[in-house]
Amino acid sequence: MAVVPSTRPEKAPWWNPGKYFAVRRKTPIELRSYTNIYAILSIFLFLFTLWAVMDEVLTRRPWKGIQEDFKDFKITRLNLEIRKELHKLNPADTQAIHKEIKSLQKEIGSNAYKAKLSKIEDYDTKIVTAQRDYTFTKSLADEKYYVLDEARTEHSDTTSKSKTLRELERTMNGQKRVVDSLQKLRADVEAQVVPTERRLKEVEHTHDSVFAQVIVLKRKREAAQQMNIAVRQTMLVNYEKTNFNNLKMRVDRCVTCHLGYDDDLFKNDTLISTDAAQIKAWTKSNKYNDKKHYTVVKLGPNQDTVVAKVTTVFAMHPNINLLIKGHKVGEPSGNGVLGCTSCHGGQGGSLVSTEFAHGFEHHWTEPLATGHYVETSCRNCHAGKMDFEGAKYISMGKKLFTDFGCYGCHNAPGYDGMPQQAPSLLNITKKVTPQWMYQWISNPRGWAHNTRMPNFMFNQHEVTAVVAYLNDQAKTGTYRPIATYSGGGNAVNGKQIFGEIGCFGCHAVDDYKTDSRVKEANSFGPDLNKIGSKVTAAWMFDWIKNPKNYHMQSRMPSLRLSDGEAADLTAYLMQHTGTNDSVSSSMTEDINSPALIKEGDKLIRTYGCFGCHEIKGMEDEAKVSVSLSTFGKKTPGELFYGNVPGSVLGHFRSEFKKIGLPLAKVDEEAIHDNQDWYTWVAGKMKNSRMYQTERIPQRMPNFQMSDEEAYALTVLLKGFTGHYVSPSYADQPDDPTQNGLDEGRMFAHWNNCVGCHQIENAGGYVGKYIQDAMYRPPLLTPEGNKVQEQWLRNFLKGPTPIRPWLKIRMPTFGFSDSSISVATHYFLATKARPFVLTDYQFVADQNLLGAGKELFDQLKCLSCHVLSTAGGAQQIAPNLELTRHRLRPDWVIDWLHNPEGQQPGTRMPAFWGTPEKGMASLYPAILGGDVEMQIRAVRDYVYSIGMDNLLPPTPYATINGKDHYVYPNGRYDVYLTNGSIVNDGQGSIIPTKPSTTAPAGQPAARAKPDTKHASRAGKSGKPTAMR
Amino acid sequence: MEGLHNFLKILTQPDNVPIIIMMVSVLGYGWLGVKQARRNDREGIFEATQSDKVQTWPYLVKVEFLMTIGIMIMLTVWSITINAPLEEPANPTLTPNPSKAPWYFLGLQEMLVYFDPWIAGVMLPTFILIGLIVVPYIDINPKGNGYYTLKERPFSIAVFSIGFLILWVALIVLGTFMRGPGWYFFWPWEFWDTHRVVALTNVDFFEKFGIASKNVDGSFNLLQVLLGGVMVISFLVGIPMFIWEKYKEKKPVLREMGVIRYAITAALFMMMVGLPIKMLLRLALNIKYVWVFGVGHDLFFNI
């Protein structure tokens, strides 16, 4: 047992810990002091608690500093604007205003003026007192009068009472006079004051209107000064789904820092300050100075003017109308209201640091999509769309994916059930020789520089095997030519025909050059520069006469060629010969050997040629490669990089950066050896067999893409994420207009309508080769407003000439009814019209027919137009007899208003002027010179041409206070008093009662729309069915 | 170099901070315990010489209070400097690779490499619990209460060292830092490559001697079942019985324990040392199972 020392050992100094603790150990526990330890620990706890608070309030809230900076910038920017605005004003004017205000204010402030004001006040007090005295006396008088009256009734003595009353009345009158005189005195003084005050008000009003802009800006500045430092967020309720299929909200707080996103004071690169001292102060500012939100630029001849310009964090969104307003960004939450991360990606909820907020943290699955990769998210909501406005690369990627036939081997969202991209090979030997096939498959681009057929990189033996199988399977082909080529034909004529009828809308040859590999314009069909060495003349002749005979699914239309024309064209095209220089040797093996055919069979099945081509015996094969439905979400761990070193992958990154199409930024921390999604796909697109190793074969052929094409496909593929967006946010999949547009755009791309015609203000590529706009194919941008559906259907089934002066021909495509529906729906959808059955039975207004005929003659319509189908080559305008069945009546009104606006380059004169320059009639005598009525009259007259029996005349009705034309079919137009005519469509109409008085056949007078109960003044006298 | 860089990254992950702390404290306290035990064994029991026992209140509570402040400081600094180790949203279609249990169960997960799930996941944890419960009943050595000693309790301390320090703590460390994608073993200088390929050449013990585990038709080879059964049972039962028979006369401690206590202790102990033996067989000799046996198609008894 140790003995407890009775005394405490000498204390050791604390700055010598060795000694201190040695002594301490010897000290009995009861005697040890813990004061120092307690003090030290408490101080530390206090300090670290302070640190925790600082961390919470400042370190982890960098956005506060950013908001402070924004406030500073905005105020400086507004000061700049105010200065600019003031500079615009005429200094003489503004000085005069200020001077006058000053002098008036001085006057109002002077002692004499103040004395007058106090005098008025004085009088007011006196008037109140005098008025009260008078009122009281009057009240007393009333009382006395009552007493007097009472006495009179009771027949008692009234003398004294009436005397009192009289006295009171006298006093009252005296008091009244006092009040009046006081008021007069007051009015006199006031008259001296009022004009000054009125003048001041007037001048101030002038000031406000002269300085209106400045005042608005100053108000904005005041608002900026009072801006709250607070988190700003958008909540997208039930926007998406978790991985467990539950609906989930998304919260975006991006605008907490990106405050200028919708503020046009902060257009990118806008000047925010020219004040050198201010800029210096910002640079020194502690608020958030590790990241500058502006660039300092030196301007001026001596580089001495220092200016600061907005950079990204505060910059306004570059496409505010389409992408911010069009997507309802920043509105209070609701249907279709989007935030920032819906398109841009990033960790919308995070505010801790730029890296976290932008999602560059390897556990965040959707980091900020930099560069054009922001376009990938368009697909999430607009899955079926073909062309995205302002999103070049995803649009291009979609077209390339279609045109390269990627869907032949890969399942991809939105590409189910697409027809095969390339020609049928069932009868291939009737078209080309096995030797040519060998040349072609060995190196397709060696033959045609812009072909979409990829290179499978087969060796000589493999190519021969494939040719052997194709040759063998074609032996059972059923193709027999319909038209027989008997030789001859004039190549010079052929060349002319080629240029005239519009072959160059789809094909390139000689002067019609092409580079694009998107199936559009004249790269749509094959390049014909070597066609003479490829196909036989007999096949060519039958092909251009009857394209569907060789290949039922072909997109090549019939141009209704005569035998002579076809022979000339054949002669012309067969002149173009050439070879595949890059393939030196020819086949050495016997292509009829069964072993080789069997080998070819296996190769074709392995490499999936049947994905694009129809090949006998391969009809039931499945797609050979992986599905791409969630390809964009694959992680580097799921991708195979083979033996490709990181330096090569890094090279792709730097190469794409060099051409201005950088691959998206990735979280470097999480990426090993440049192995990220983007480098993998970019490498695969550029060299499809890049990741092949000894053990892992790869089969994807090489499409020899340009950098831009490869890039566009990376953008598209990144978008294949399978990301679910709730229907209330996404493009409505059952919106008929949207469906019409989507299907129609695909249709127009698939059939190259846009090669010749401009639709939705895009396309019409043949225009390049036809100098005179008049000889170009008609623009179809207004088509949805213009033509009647039935006519369009008949026209697409079998085109009949409308404009005989055009040499270029509308081909016969042989569209099915469903394809025609797609086209019709598309044209209507471009004008937001519903795809419904419409009755175009038009009833001309008989009252206008006379005027119409007169105008028709006066304007000499028939000097260009004709009234029969037998228009010769001299005809320069369409046959007006067709109008009734071809055009929509309301469109004709638009057309007559402004022909140039509807079809630029038209020869149709604007008889009534143009809306821009003012409308006026050349014939003021007719219909009182009313332009609208004259246009209606001409339209009605044209529609009555060729009608033997006009339908009953048009009655008038006043519906909802407006004049209406009512047609027997229940449709009606509204004629407004301001002269414009609008079609009310399906607006509400008050049910009408039949009028018994309307005599049969007698038109109701236009001048008397006097009854609210319009009747159908038809022969039947039955009530009009109006909806 | 890249591998080491990668190892450093794994070492400093917020997830792994507790494991580092655990390593340091287990080693530190282990060292402290051994140091004191050796001093006691050498110089006589120090604790027995101390008479200055003091009241809990205030002398112990005072120190505990100070330590509470210390812990609070530590937790505050930890929470400021290290962000929560959150990962991507859970995805039922995408399993993380490697897929690891919570760190304190990594020892159990490691056992799954060597045994069938029902042994590693069910039977062995059950025996660990039962073993811990019966410790007071089978430990009849009264020495070592209130002081540190190695000499007076060599067996108990050896069991603890194997069972806790090696089979539990070391396996956690192994599972955290050396098991990479595909649950493959990676040395610290090796990069955790997702696409790593490792040859799978494990065979059953008796296959080494040309005795197949199963017949061609898929049924069990009776010879192997017999030999394996004999081997496993003689390991679990035979060795303890042999020791009992040979030493019960010479070693009084065995007599004091009695046959039942001895049987329980021996069975638990043999199972415990069986684990490292199996690990060694697997790692050094590529032995898959020593005994392949089962009933029907579902019930397997592979050891």
request  = Pairs only if they're at least six apart or on different chains, beta carbon under 6 angstrom, first in the stretch A:657-672 and in contact (Cβ under 8 Å) with a residue 12 or more places away in the chain, second in a loop (DSSP other than H, G, I, E, B); list them, first residue then second.
outcome  = A:664/A:369; A:664/A:370; A:665/A:370; A:666/A:676; A:667/A:360; A:667/A:362; A:670/A:362
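Identify, from the list B:128, B:140, B:133, B:157, the residue that is more than 14 Å from chain A (Cβ to nearest Cβ), aliphatic (A, V, I, L, M), assigned to a loop (DSSP other than H, G, I, E, B) and more than 29 Å from residue A:244 (Cα to Cα). Before the answer, list the steps.
Working: B:128 fails: assigned to a loop (DSSP other than H, G, I, E, B); B:133 fails: assigned to a loop (DSSP other than H, G, I, E, B); B:157 fails: assigned to a loop (DSSP other than H, G, I, E, B).
Criteria check complete, one pass: B:140.
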request  = Would you confirm whether any residue within the stretch B:83-100 is among the β-branched types (Val, Ile, Thr) and touching a residue at least 60 places away in the same chain (Cβ under 8 Å)?
outcome  = no
task = For residues that are in contact with an Asp or Glu (Cβ under 8 Å, 6 or more places away or on another chain) and farther than 30 Å from residue A:94 by Cα, tally how many sit in the stretch A:179-220.
result = 1
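What are the residues in the stretch A:236-277 that are of a type outside the set (A, V, I, L, M, F, W, C), in a loop (DSSP other than H, G, I, E, B) and within 14 Å of chain B (Cβ to nearest Cβ), if any?
Let us first name the residues in the stretch A:236-277 that are of a type outside the set (A, V, I, L, M, F, W, C), namely A:238-243, A:245-246, A:248, A:250, A:252-253, A:256, A:258, A:260-264, A:267-270, A:273-275.
If we keep only those that are in a loop (DSSP other than H, G, I, E, B) as well, we get A:242-243, A:245-246, A:253, A:258, A:260-263, A:267-270, A:274-275.
A:242, A:243, A:245, A:246, listed by residue number.
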inquiry  = Against the definition (of a type in the set (S, T, N, Q), part of a loop (DSSP other than H, G, I, E, B), touching an Asp or Glu at 6+ places or on another chain (Cβ under 9 Å) and more than 20 Å from residue B:101 (Cβ to Cβ)), how does residue B:149 come out, yes or no?
reply    = yes
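If I filter the stretch B:281-303 down to residues being not in a loop (DSSP other than H, G, I, E, B) and not hydrophobic (A, V, I, L, M, F, W, C), which single residue comes out as nearest to residue B:201 (Cα to Cα)? Working first, answer last.
From the stretch B:281-303, those not in a loop (DSSP other than H, G, I, E, B) are B:281-285, B:287, B:294-295, B:299-300; that's our starting set.
Then keep just the ones that are not hydrophobic (A, V, I, L, M, F, W, C); that gives B:282, B:294.
Numbers: B:282: 11, B:294: 22 Å.
Checked the stretch B:281-303; the qualifying residue nearest to residue B:201 (Cα to Cα) is B:282.
Residues that are within 10 Å of chain B (Cβ to nearest Cβ), at least 2 per element: which helices (runs of 4 or more DSSP H) completely within the stretch A:1-96 meet that?
It comes to A:35-54.
Filter the stretch A:444-457 for residues that are surrounded by fewer than 17 Cβ atoms within 10 Å (Cβ to Cβ) and of a type outside the set (A, V, I, L, M); which is modelled with the highest pLDDT? First the steps, then the outcome.
First, the residues of the stretch A:444-457 that are surrounded by fewer than 17 Cβ atoms within 10 Å (Cβ to Cβ): A:446, A:449-450, A:457.
Okay, now just the ones that are also of a type outside the set (A, V, I, L, M), so A:446, A:449-450.
Working: A:446: 89, A:449: 86, A:450: 86.
Going through the qualifying residues, I end up with A:446.
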ask   = Can you find even one residue in the stretch A:564-575 that is part of a loop (DSSP other than H, G, I, E, B) and crowded, with 19+ Cβ neighbours inside 10 Å?
value = no
key: Evaluation of residue B:53 against (1) without any contact (Cβ under 8 Å) to a residue 24 or more places away in the chain; (2) loosely packed, with under 14 Cβ neighbours inside 10 Å; (3) touching a Phe, Trp or Tyr at 6+ places or on another chain (Cβ under 6 Å) (one fails), failing number   = (3)
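Given the criterion in contact with a helix residue (DSSP H, G or I) (Cβ under 7 Å, 6 or more places away or on another chain) and either modelled with pLDDT of 90 or more or under 30 Å from residue B:101 (Cα atoms) (or both), identify the matching residue among B:171, B:226. Before the answer, list the steps.
Working: B:226 fails: in contact with a helix residue (DSSP H, G or I) (Cβ under 7 Å, 6 or more places away or on another chain).
Of B:171, B:226, the one residue that is in contact with a helix residue (DSSP H, G or I) (Cβ under 7 Å, 6 or more places away or on another chain) and either modelled with pLDDT of 90 or more or under 30 Å from residue B:101 (Cα atoms) (or both) is B:171.
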request  = Could you pull out the residue among A:708, A:669, A:694 that is more than 31 Å from the chain's Cα centre (by Cα) and in a helix (DSSP H, G or I)?
outcome  = A:669
task = Looking for whichever is within 14 Å of chain B (Cβ to nearest Cβ) and of a type in the set (Ser, Thr, Tyr) here; the options are A:654, A:629, A:625, A:586. Which one fits?
result = A:629
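For the stretch A:202-216: of the residues being touching a residue at least 60 places away in the same chain (Cβ under 8 Å) and under 30 Å from residue A:119 (Cα atoms), which is nearest to the other protein chains (Cβ to nearest Cβ)?
Residue satisfying both the conditions and the ranking: A:204.
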remark   = Across the stretch A:823-839, the tally of residues that are within 10 Å of residue A:740 (Cβ to Cβ) and surrounded by fewer than 20 Cβ atoms within 10 Å (Cβ to Cβ) stands at 4
query = Which condition number does residue B:31 fail, the rest of (1) of a type in the set (Phe, Trp, Tyr); (2) farther than 26 Å from residue A:45 by Cα; (3) touching a residue at least 40 places away in the same chain (Cβ under 8 Å) being met?
reply = (3)
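Conditions tested, residue by residue: (1) touching a Pro at 6+ places or on another chain (Cβ under 7 Å); (2) buried (at least 16 other Cβ atoms within 10 Å of the Cβ); (3) of a type in the set (Asp, Glu).
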site: A:335; (1), (2), (3): no, no, no
site: A:338; (1), (2), (3): no, yes, no
site: A:351; (1), (2), (3): no, yes, no
site: A:359; (1), (2), (3): yes, yes, no
site: A:373; (1), (2), (3): no, yes, no
site: A:377; (1), (2), (3): no, yes, no
request  = Tell me, please, whether a residue that is aliphatic (A, V, I, L, M) and part of a helix (DSSP H, G or I) can be found in the stretch A:294-313.
outcome  = yes
message = Given the criterion surrounded by fewer than 16 Cβ atoms within 10 Å (Cβ to Cβ), in contact (Cβ under 8 Å) with a residue 40 or more places away in the chain and basic (Lys, Arg), identify the matching residue among A:253, A:199, A:219, A:177.
response = A:199
note = The residue that is nearest to the chain's Cα centre (by Cα), considering only those in the stretch B:247-269 that are farther than 21 Å from residue B:152 by Cα and touching a residue at least 24 places away in the same chain (Cβ under 8 Å), is B:268
query = Are there any pairs with C-beta distances below 8 angstrom linking a residue in the stretch B:180-198 that is closer than 17 Å to residue B:111 by Cα and more than 9 Å from every other protein chain (Cβ to nearest Cβ) to a residue that is surrounded by fewer than 15 Cβ atoms within 10 Å (Cβ to Cβ) and among the basic types (Lys, Arg), with the two at least 6 apart or on different chains, and if so which?
reply = B:180/B:196; B:182/B:196; B:184/B:196
ask   = Which members of the stretch A:599-615 meet the condition of being farther than 15 Å from residue A:422 by Cβ, touching a residue at least 40 places away in the same chain (Cβ under 8 Å), surrounded by 15 or more Cβ atoms within 10 Å (Cβ to Cβ) and not small (Gly, Ala, Ser)?
value = A:599, A:601, A:603
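Conditions (1) farther than 30 Å from residue B:278 by Cβ; (2) touching a helix residue (DSSP H, G or I) at 6+ places or on another chain (Cβ under 6 Å); (3) surrounded by 12 or more Cβ atoms within 10 Å (Cβ to Cβ), marked per residue:
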site	(1), (2), (3)
B:89	yes, no, yes
B:95	no, no, no
B:100	no, no, yes
B:110	no, yes, yes
request  = Specify the residue that is farthest from the chain's Cα centre (by Cα); the eligible residues are those in the stretch A:755-811 that are polar (S, T, N, Q) and buried (at least 16 other Cβ atoms within 10 Å of the Cβ).
outcome  = A:788
query = in contact with a helix residue (DSSP H, G or I) (Cβ under 7 Å, 6 or more places away or on another chain) and either closer than 24 Å to residue B:21 by Cβ or within 14 Å of chain A (Cβ to nearest Cβ) (or both) - does that describe any residue in the stretch B:112-125?
reply = no
query = Among the residues of the stretch A:862-882, is there at least one that is crowded, with 20+ Cβ neighbours inside 10 Å and either of a type in the set (Asp, Glu) or assigned to a helix (DSSP H, G or I) (or both)?
reply = no
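The values are calculated or read from the model by the stated rules, or taken from the named source; none is laboratory data. All values derive from a computational prediction rather than experimental measurement. Cβ coordinates were reconstructed from backbone atoms using ideal geometry, including for glycine residues, and neighbour counts include every protein chain displayed.
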